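What follows is a single structure, written as C-alpha cells, with notes after it.
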Amino acid sequence: MKKSVLTLLTAAVLACGCTQEAKETTQTAPPHLEKRGNTTQLIVQGEPWLALGCELGNSTSSSRDYLLPYWQKLKDAGVNTVLAVVSWEQTEPSEGQFDFTVVDNLQADARANNMKLVLLWFGSWKNGITSYTPTWVKKDTKRFPLAQTPEGKPLPILTTLGEEACKADGKAFAALMRHLKDVDSQQQTVIMIQIENEVGLHGHPRDYCPLAETAYHAPVPKALTDWLTAHRDQLLPETLSAWQANGFKTSGTWEEVFGKKERPYG
C-alpha cells in the first residue's frame, strides 16, 4: 500500500513538473508568425500582438539622452511598438570587441514604458551607400573592397562581391542575435528584426571594380536562368524585355543573355 501511494505521489510530482516545463516552453517560444484561422498573426509570449508602431530617425537611437523625453510622447500617441536602429558601427567598434550598450538601453527604456521593439540592423549598406560600418572596415579597402565607377574611381559603397565584408557583417549580426537570446528570451521586448539590405549605385548602372568585372564577364549562373525560365510570367517588364531581346538565352555572359544596354541607378 505504502509503495502504491509513493508511486502515485511520484507520478503526480513528475506530471506537475512536465506541465510546468510545457508551460515555460510555451512562454519562451520566440515571437513568430502563426496562422490562426484565416489570419496570420504575430505571436509574442503566446498571445497575438497588434503592433501600433512608430519608426525613429536613422540615428535617433544612438543617443539615449536625446530619446529619453520622447518615450512618454510615444505612449501618449498610442504607440506600443518602436522601430529603432542598431548599427554595425555601434555594435563592433573594434573588430571582435562587441558593445551592446545601445540595444540594452533601448530594451530597458522600452520595458519601462511597456513597449516592444523592432530593431533595424544597419550593416554593410543603407540608402544605397556604406554609412554605418565600423571605422576599421572603412579604413581597410583592401580587405573590404569598394565598388567603382567605369573609370576606376572608388565609391563610398562596399562591393556586394566582397566576401570578407559579408563574413564580418554576418559575424556581428550573429553576435547581436546571441546577445538578444541571452538577455531577452523571457521578456521578449524585441519582437522582430529587420535587416536593411538597401544596396545601390547612385548614378551608375553597375559596379566596375575588379571583382565585379570578373563576375560580369563570367557565365550567368544556371540557377538564375532556370528560375527565370520557370517564372517567366512573373518577371518585371524590363527584365522580360531585355531577356527577350536576346532570344531568351539560358547560357552565356551577362551581356550575351541580357544585352549591353545599361541604365543608371538612382
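The values are calculated or read from the model by the stated rules, or taken from the named source; none is laboratory data. Just so it is clear, the structure is predicted and the values come from calculations on it, not from any experiment. Virtual Cβ from ideal backbone geometry, glycine too; neighbours counted across all protein chains shown. The protein model used for the area step is the full one, side chains on, heavy atoms only, and it has no ligands, DNA or RNA in it. Shrake-Rupley method; radii C 1.70, N 1.55, O 1.52, S 1.80 Å.
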Check: Long-range amide H contacts for residue 44: which residues qualify at under 5 Å (H placed 1.01 Å from N, peptide plane, sequence gap of 5 or more or a different chain)?
Finding: 49
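Relative to the Cα centre, what is the charge dipole magnitude of the chain, using +1 at the beta carbon of each Lys and Arg, -1 at the beta carbon of each Asp and Glu, and rounding to the nearest 20 debye?
Taking the Cα centre of the chain as origin, the dipole is about 560 debye.
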Next item on the list: Can you tell me the FRET efficiency between residue 241 and residue 217 if r is taken as the Cβ-Cβ distance and R0 is 22 Å, rounded to the nearest 0.05?
Entry: 0.45
Notebook entry, point to check: Among 62, 87, 241, which one shows the biggest mean-square fluctuation in a GNM of the chain, springs joining Cα atoms closer than 10 Å?
Noted result: 241
Next item on the list: Tell me which residues come under 5 Å, amide H to amide H, from residue 155 once H is placed; ignore anything under 5 positions away on its chain.
Entry: 147, 148, 149
Notebook entry, point to check: For the range 190-252 and the range 100-162, what is the separation of their Cα centres, given in Å?
Noted result: 23
Item checked: Accessible area (Å², 1.4 Å probe, nearest 10) - residue 192 -> 90
Notebook entry, point to check: Hey, with R₀ at 22 Å, roughly what FRET efficiency would residue 229 and residue 256 work out to, going by the Cβ-Cβ distance, to 0.05?
Noted result: 0.85
Checklist line | Selection from 128, 160, 107, by position along the positive dipole direction of the range 103-181 (Cβ) | finding: 107
Item checked: Accessible area expressed per residue, the range 171-262, with surrounding protein chains retained (probe 1.4 Å, Å²) -> 62
Next item on the list: Taking amide H positions as placed in the peptide plane 1.01 Å from N, state which residues far from residue 85 in sequence (5 or more) or on other chains have amide H under 5 Å from it.
Entry: 61, 120
Next item on the list: Please identify which residues in the range 124-158 have an amide N closer than 13 Å to a label point set 7 Å out from the Cα of residue 94, following the Cα→Cβ vector.
Entry: 136
Check: To the nearest 20 debye, what is the magnitude of the charge dipole of the range 196-242 about its Cα centre, counting +1 on the Cβ of each Lys and Arg and -1 on the Cβ of each Asp and Glu?
Finding: 200
Next item on the list: Among 190, 259, 205, flag the residue with its Cα farthest along the positive direction of the charge dipole of the range 158-266, charges on Cβ as +1 for Lys/Arg and -1 for Asp/Glu.
Entry: 259
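Tell me the carbon and sulfur percent of the accessible area for the range 199-239, rounded to whole percent, probe radius 1.4 Å.
Here it works out to 65 percent.
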Notebook entry, point to check: If you plug each phi of the range 139-146 into the Karplus form 6.51 cos²θ - 1.76 cosθ + 1.60 with θ = phi - 60°, what whole-Hz ³J(HN,Hα) values come out, in order, with x for Gly and Pro?
Noted result: 6, 9, 6, 6, 6, 10, x, 9
Next item on the list: Round to the nearest 10 and report in Å² the accessible area of residue 75, as given by a 1.4 Å probe over the protein chains' heavy atoms.
Entry: 90
Checklist line | Binned Cα-Cα distances of the range 138-259, short to long, each 10 Å bin given as a whole percent | finding: 11, 28, 29, 22, 10, 1
Check: GNM, the chain, Cα, under 10 Å: largest mean-square fluctuation among 247, 78, 96?
Finding: 247
Next item on the list: Report the dimensions of the chain along its three principal axes from the alpha-carbon atoms, largest first, rounded to Å.
Entry: 87, 48, 38
Notebook entry, point to check: Using θ = phi - 60° and the Karplus form 6.51 cos²θ - 1.76 cosθ + 1.60, what ³J(HN,Hα) does each residue of the range 63-73 get, whole Hz, x for Gly and Pro?
Noted result: 10, 5, 4, 5, 6, 3, x, 8, 4, 5, 5
Margin query: With a 1.4 Å probe and all protein chains kept in place, how do 47, 34 rank by accessible area, largest first?
Written below: 47, 34
Checklist line | Per-pair calculated FRET efficiency, R0 = 22 Å: residue 35 and residue 83 via Cβ, rounded to 0.05 | finding: 0.35
